[in-house]
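**Q** Take a look at the following structure, please.
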Amino acid sequence: MKDFNKIILFLLSILYLFLTSNNCYALPSFARQTGMSCNDCHTVFPALTPAGRDFKLGGYTQSKSNTLYETLPPIAAGVALGYTVSKGLTNGIAPYNAANRGTDALDLPSGVALYYAGRVYGPVGAWIEVDYDGIGNAFSLGMLDIRIAETTKISDKPFTYGITINNMPTMEDPWNSSAMWGFPYLTSPVASASTISSMIDGGFMGQLGGFGAYGYWNDTIYLALSVYRTTLNGITEPFGAGMTTTTVVSGAVPYWRLAINQKFDKDQTFMIGTYGTVASIYPLGASSGATDMYTDIAVDTQYQYISDPHIITLMATWIHETQSLDATFRAGGASNNSDNLNTF
């Protein structure tokens, strides 16, 4: 009965938000700051429109206010509800009893995300996400992206450039078309998921911290270069706050991103690009000694048609990972000293 009351309270809260909202917003702090609705910057979250890309490249600082800072701090929050139906199963095996609801459980919340997202001061903006895991009852730093950006002209064409401090390769990507931003957009903390993926596809989440520079010329050519190091210790340790550093890299991890964008008319854009990393990683949870080498090279593309009433977004990403597993092989953790992984 107590769980039922929690569900009713949660649903009534959601209904209240719908009834008292006039527009559909993405992050409320961005909406307050810009006065724009979600479909100005997003097609289907987290995919970005050209306006959304400009907002991200501009360091999250675009505002309807002429002041250097936001009067109301750009703070937002999100809550996720989970309900597990196990019907007597406590360990994934028999006995199974369809009438047994004693092992069902409501997770309210199953997760909470707190955001500081928007302009900080002048040309400085940030996306800082702090996550609460209702299953593990723990806080951690999710996504971090702090930017300083400016716009000028080169050859009489607009050129946006900036620097970014973030905690994940591909976090800075203005197309949000990398695997990190891809489907599934939301997962359950208790559901099983594939464990096979490349390092650049989420393998560095909470494991790295770094900085980089980027430039976007005439809505056509985008180039970004960044460098990362481990969150196990040193100046980048806070970038993995609340998370265990299980993937320990040796030295610097370079990241690159190059994209060519073409706008056909006011409704259509097409992008093709590449990105990648090269990382020396200590095997089997070690933090010293010999390392393995992971080289990830990706090719991605995106087509968008944005009009009224139709929106079409097509995205594809192919990642080739070369694994040199000499250290793991010598330690008996791999059957051969090299391998390859392709994901699409």
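**Q** Determine which single condition Leu141 fails, assuming it passes every other condition in (1) at pLDDT 90 or above; (2) crowded, with 16+ Cβ neighbours inside 10 Å; (3) out of contact with any helix residue (DSSP H, G or I) (no Cβ under 8 Å at 6 or more places or on another chain).
**A** (3)
**Q** Scan Ile163, Ile200 and give me the residue that is among the aliphatic types (A, V, I, L, M), at pLDDT 80 or above and either at positive phi or in contact with a helix residue (DSSP H, G or I) (Cβ under 9 Å, 6 or more places away or on another chain) (or both). Walk me through how you get there before you give the answer.
**A** Details: Ile163 fails: either at positive phi or in contact with a helix residue (DSSP H, G or I) (Cβ under 9 Å, 6 or more places away or on another chain) (or both).
The unique qualifying residue is Ile200.
**Q** Please specify each residue of segment 243-292 satisfying the condition of being more than 23 Å from the chain's Cα centre (by Cα), surrounded by 19 or more Cβ atoms within 10 Å (Cβ to Cβ) and assigned to a strand (DSSP E or B).
**A** Asp292
**Q** Considering only segment 87-109, I want to know if a residue exists there that is surrounded by fewer than 17 Cβ atoms within 10 Å (Cβ to Cβ), more than 30 Å from Phe270 (Cα to Cα), at pLDDT 75 or above and touching a Pro at 6+ places or on another chain (Cβ under 7 Å).
**A** Taking every residue of segment 87-109 in turn, none turns out to be surrounded by fewer than 17 Cβ atoms within 10 Å (Cβ to Cβ), more than 30 Å from Phe270 (Cα to Cα), at pLDDT 75 or above and touching a Pro at 6+ places or on another chain (Cβ under 7 Å).
**Q** Could you check segment 149-187 and list, in sequence order, the residues that are surrounded by fewer than 18 Cβ atoms within 10 Å (Cβ to Cβ), of a type in the set (Val, Ile, Thr) and farther than 20 Å from Gly202 by Cβ? Show your work before the answer.
**A** First, the residues of segment 149-187 that are surrounded by fewer than 18 Cβ atoms within 10 Å (Cβ to Cβ): 150-159, 161, 163, 182-187.
Checking which are of a type in the set (Val, Ile, Thr) leaves us with 151-152, 154, 163, 187.
The answer is Thr151, Thr152, Ile154, Ile163.
**Q** Is it the case that some residue within segment 247-257 is under 28 Å from Arg330 (Cβ atoms) and polar (S, T, N, Q)?
**A** yes
**Q** Those residues that are part of a strand (DSSP E or B) and more than 23 Å from Pro174 (Cα to Cα), I need them from segment 293-320; list them, please.
**A** Residues of segment 293-320 part of a strand (DSSP E or B): 293-306, 311-320.
The answer is Met293, Tyr294.
**Q** Go through the residues of segment 153-166 one by one and say whether even a single one is over 22 Å from Tyr214 (Cα atoms) and among the polar types (S, T, N, Q). Outline the logic, then answer.
**A** To start, the set of residues in segment 153-166 that are over 22 Å from Tyr214 (Cα atoms) comprises none.
Checked segment 153-166: no residue is over 22 Å from Tyr214 (Cα atoms) and among the polar types (S, T, N, Q).
**Q** Moving on. Does segment 265-284 contain any residue that is basic (Lys, Arg) and in contact (Cβ under 8 Å) with a residue 12 or more places away in the chain? Outline the logic, then answer.
**A** Just the residues of segment 265-284 that are basic (Lys, Arg), to begin with: 266.
Narrowing the set further to residues that are in contact (Cβ under 8 Å) with a residue 12 or more places away in the chain leaves none.
Checked segment 265-284: no residue is basic (Lys, Arg) and in contact (Cβ under 8 Å) with a residue 12 or more places away in the chain.
**Q** When both residues are 6+ apart or on different chains and their Cβ atoms are under 9 Å apart, which pairs have a first residue that lies in segment 153-168 and is under 17 Å from Ala252 (Cβ atoms), and a second that is in a loop (DSSP other than H, G, I, E, B) and among the β-branched types (Val, Ile, Thr)?
**A** Filtered contacts from segment 153-168: Asn167/Thr231.
**Q** Still on this structure, I have one more. Looking at segment 288-303, is at least one residue over 29 Å from Asp219 (Cα atoms), in contact with a Phe, Trp or Tyr (Cβ under 6 Å, 6 or more places away or on another chain) and hydroxyl-bearing (Ser, Thr, Tyr)?
**A** Yes: one or more hits.
**Q** Mind counting the residues in segment 272-291 that are out of contact with any helix residue (DSSP H, G or I) (no Cβ under 6 Å at 6 or more places or on another chain) and among the β-branched types (Val, Ile, Thr)?
**A** 4
**Q** Give the residues of segment 31-78 that are without any contact (Cβ under 8 Å) to a residue 60 or more places away in the chain and aliphatic (A, V, I, L, M), sorted by residue number.
**A** Residues satisfying the conditions are Ala31, Met36, Ala51, Leu68, Leu72, Ile75, Ala76, Ala77.
**Q** When both residues are 6+ apart or on different chains and their Cβ atoms are under 6 Å apart, which pairs have a first residue that lies in segment 207-221 and is under 17 Å from Ile272 (Cα atoms), and a second that is modelled with pLDDT of 95 or more and not in a strand (DSSP E or B)?
**A** Pairs found: Tyr216/Leu57.
**Q** Say whether the condition of being farther than 22 Å from Gly142 by Cα, among the polar types (S, T, N, Q) and at pLDDT 95 or above is met by at least one residue in segment 231-253. Walk me through how you get there before you give the answer.
**A** So the first thing to find is which residues in segment 231-253 are farther than 22 Å from Gly142 by Cα, and the list is 250-251.
Filter once more, so that each one left must be among the polar types (S, T, N, Q): 250.
Narrowing the set further to residues that are at pLDDT 95 or above leaves 250.
Checked segment 231-253: at least one residue is farther than 22 Å from Gly142 by Cα, among the polar types (S, T, N, Q) and at pLDDT 95 or above.
**Q** Taking segment 137-165 as the region of interest, how many residues are among the basic types (Lys, Arg) and over 20 Å from the mean Cα position of the chain (by Cα)?
**A** In the first step, residues of segment 137-165 are kept if they are among the basic types (Lys, Arg); the result is 147, 153, 157.
When the remaining residues are screened for being over 20 Å from the mean Cα position of the chain (by Cα), the result is 153, 157.
The qualifying residues number 2.
The values are calculated or read from the model by the stated rules, or taken from the named source; none is laboratory data. These figures come from a predicted structure and were not determined experimentally. All Cβ positions, glycine included, derive from the backbone under ideal geometry; neighbour counts span all protein chains shown.
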